[in-house]
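Asks: Just passing along the structure, written as structure tokens.
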Amino acid sequence: MSMNTSKQSPSPAAGVLTNTTCQTENRLSVFFSIIFMTVGILSNSLAIAILMKAYQRFRQKSKASFLLFASSLVITDLFGHLINGAIAVFVYASNKDWIRFDQSNVLCSIFGICMVFFGLCPLFLGSVMAVERCIGVTKPIFHSTKMTSKHVKMMLAGVCLFAIFIAVLPILGLRAYEIQASRTWCFYRTEHIQDWEDQFYILLFSFLGLLALAISFLCNAITGITLLRVKFKNQQHRQGRSHHFEMIIQLLAIMCVSCVCWSPFLVTMASTGINGGESLETCERVLFALRMATWNQILDPWVYILLRRAVLKNLYKVAQRCCGVRTIISLHAWELSSIKNSLKVAAISESPTTEKTSSQPPTPVGQ
């Protein structure tokens with residue numbers, strides 16, 4: 001493990017092999033990479049299997065949009081773990097000797113493109129899902145008439161194409177991806193930034209990622225507030241209470257996981273771009289922030305798909321057997337899964353208007 005020297009030969013792969021120091025334990029790093037890749041593949045594969053089973057049961061148009069978005073998200077996370085994880089393990093297995101196995105810088109460019117694409121695409125999909133849920137709650141009629149399967153597929157294609165464009169933008173601008181200080185991954189130039197173009201790529205990545213998080217936070221907040229208002233205005237609807245409670249838990253989990261996992265890495269990259277590569281963050285801190293971002297792809301399927309009635313009911317039974325204590329929440333409160341409950345939001349959110357325009361007693365929602 002050499003490579004703490006001053007300047008290497010002017011080969012493309014030696015672009016960032018300068019006098020930077022990054023003390024990382026090779027065995028521990030390999031262990032982390034293998035664990036992250038394995039857990040990510042297993043969790044996303046399980047989520048895909050659940051989605052396929054759910055798609056066989058629910059084929060209504062309003063449910064199809066959720067299933068398409070969720071399927072695209074977990075498939076993207078799965079391929080991200082497969083491709084990025086496989087490259088990372090190969091780099092560790094080759095003792096991080098980039099000059100020996102990547103003199104033409106092709107593997108580093110592919111690694112960098114995959115890092116950017118599989119980093120931004122899940123964030124974009126998460127924000128689009130938040131927008132879709134917000135429209136479904138606040139504008140149910142518009143959602144039911146305009147959010148067709150064709151439109152959803154067009155939105156998914158647009159998100160993927162935009163993420164690919166951002167990923168290949170440095171290549172189009174004749175700026176190669178470079179090996180980072182730890183020599184375990186490739187990304188934009190983050191050290192010894194030469195001009196505004198190097199700063200632009202880093203700031204663009206950070207800005208788009210933070211913007212996606214902000215859109216998700218805003219839309220989820222609007223959705224949560226709307227659901228709470230509907231709950232308080234419709235106390236007579238017992239079925240609506242379970243839906244509100246379940247959805248609010250999901251929204252809080254989505255916002256917390258995304259913000260906690262991605263914010264450190266995005267803020268670190270933004271600081272690097274603003275300071276022109278003279279960031280005070282050490283290599284170890286950057287790697288820690290990168291691993292936290294990786295955990296978001298591991299937790300995505302559990303937040304978006306598995307946090308539903310089946311899992312919560314089993315957890316309740318286990319807790320009741322182990323602790324022997326009755327919780328406040330009754331099993332009857334979790335009446336429907338998160339996918340099935342999404343269909344009830346439109347009717348619930350429209351019930352106050354119905355009560356004002358009609359003197360007849362309100363009919364049960366979802367019947």
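Asks: Can you name the residue in region 268-295 that is modelled with pLDDT under 85 and among the polar types (S, T, N, Q) and, of all such residues, is surrounded by the most Cβ atoms within 10 Å (Cβ to Cβ)?
Replies: 279
Asks: Does any residue in region 219-231 that is within 11 Å of residue 131 (Cα to Cα) come within less than 7 Å, Cβ to Cβ, of a residue that is at pLDDT below 80 six or more places away or on a different chain, and which pairs are these?
Replies: 220/251; 220/254; 220/255; 223/251
Asks: I would also like to ask the following. Does at least one position in region 178-195 carry a residue that is part of a helix (DSSP H, G or I) and touching a residue at least 24 places away in the same chain (Cβ under 8 Å)?
Replies: Within region 178-195, the first condition is being part of a helix (DSSP H, G or I), and the residues that meet it are none.
The answer is no, given that none of the residues of region 178-195 is part of a helix (DSSP H, G or I) and touching a residue at least 24 places away in the same chain (Cβ under 8 Å).
Asks: Determine whether residue 136 is small (Gly, Ala, Ser), more than 22 Å from residue 210 (Cα to Cα) and either touching a Ser or Thr at 6+ places or on another chain (Cβ under 7 Å) or surrounded by 20 or more Cβ atoms within 10 Å (Cβ to Cβ) (or both). Show your work before the answer.
Replies: Values: small (Gly, Ala, Ser): yes; more than 22 Å from residue 210 (Cα to Cα): yes; either touching a Ser or Thr at 6+ places or on another chain (Cβ under 7 Å) or surrounded by 20 or more Cβ atoms within 10 Å (Cβ to Cβ) (or both): yes.
In short, yes.
Asks: Something else now. How many residues does region 196-216 hold that are modelled with pLDDT under 90 and among the hydrophobic types (A, V, I, L, M, F, W, C)?
Replies: Summing the residues that are modelled with pLDDT under 90 and among the hydrophobic types (A, V, I, L, M, F, W, C) in region 196-216 gives 1.
Asks: Name the residues in region 177-210 that are open to solvent by 30 Å² or more (accessible area, probe 1.4 Å) and basic (Lys, Arg), would you?
Replies: 189
Asks: Of the residues 72, 33, 45, 2, only one is at pLDDT below 85, assigned to a helix (DSSP H, G or I) and either under 14 Å from residue 181 (Cα atoms) or in contact with a helix residue (DSSP H, G or I) (Cβ under 9 Å, 6 or more places away or on another chain) (or both); which?
Replies: Answer to the selection: 33.
Asks: Going residue by residue through region 171-181, is there one that turns out to be more than 25 Å from the chain's Cα centre (by Cα) and under 28 Å from residue 298 (Cβ atoms)?
Replies: Checking region 171-181: at least one residue is more than 25 Å from the chain's Cα centre (by Cα) and under 28 Å from residue 298 (Cβ atoms).
Asks: Working only within region 89-113, note down all residues that are surrounded by fewer than 21 Cβ atoms within 10 Å (Cβ to Cβ) and assigned to a helix (DSSP H, G or I).
Replies: Correct list: 89, 90, 92, 93, 99, 100, 101, 106, 107, 109, 110, 113.
Asks: Considering region 75-122 alone, what residues qualify as being charged (D, E, K, R) and within 30 Å of residue 47 (Cα to Cα)?
Replies: 77, the sole residue that qualifies.
Asks: Now for a different question. Among (1) farther than 21 Å from residue 125 by Cβ; (2) at pLDDT 85 or above; (3) open to solvent by less than 40 Å² (accessible area, probe 1.4 Å), which single condition is residue 230 missing?
Replies: Status for residue 230: all satisfied but (2).
Asks: Testing residue 260 on (1) more than 16 Å from the chain's Cα centre (by Cα); (2) open to solvent by 60 Å² or more (accessible area, probe 1.4 Å); (3) at pLDDT 85 or above, one condition comes back false. Which one is that?
Replies: (1)
Asks: Go through 167, 130, 157 for me and flag whichever is assigned to a helix (DSSP H, G or I), modelled with pLDDT of 85 or more and in contact with a Cys (Cβ under 6 Å, 6 or more places away or on another chain). It would help to see each step written out before you state the result.
Replies: Values: 167 fails: in contact with a Cys (Cβ under 6 Å, 6 or more places away or on another chain); 157 fails: in contact with a Cys (Cβ under 6 Å, 6 or more places away or on another chain).
Exactly one residue qualifies, and that residue is 130.
The values are calculated or read from the model by the stated rules, or taken from the named source; none is laboratory data. Predicted, not measured: the structure shown is a model, and the values here were computed from it. Please note: Cβ atoms are built from the backbone with ideal geometry, for glycine as well, and neighbour counts cover all protein chains shown. In case anyone asks, the SASA skips ligands and DNA or RNA and just uses the protein heavy atoms, side chains included. Shrake-Rupley method; radii C 1.70, N 1.55, O 1.52, S 1.80 Å.
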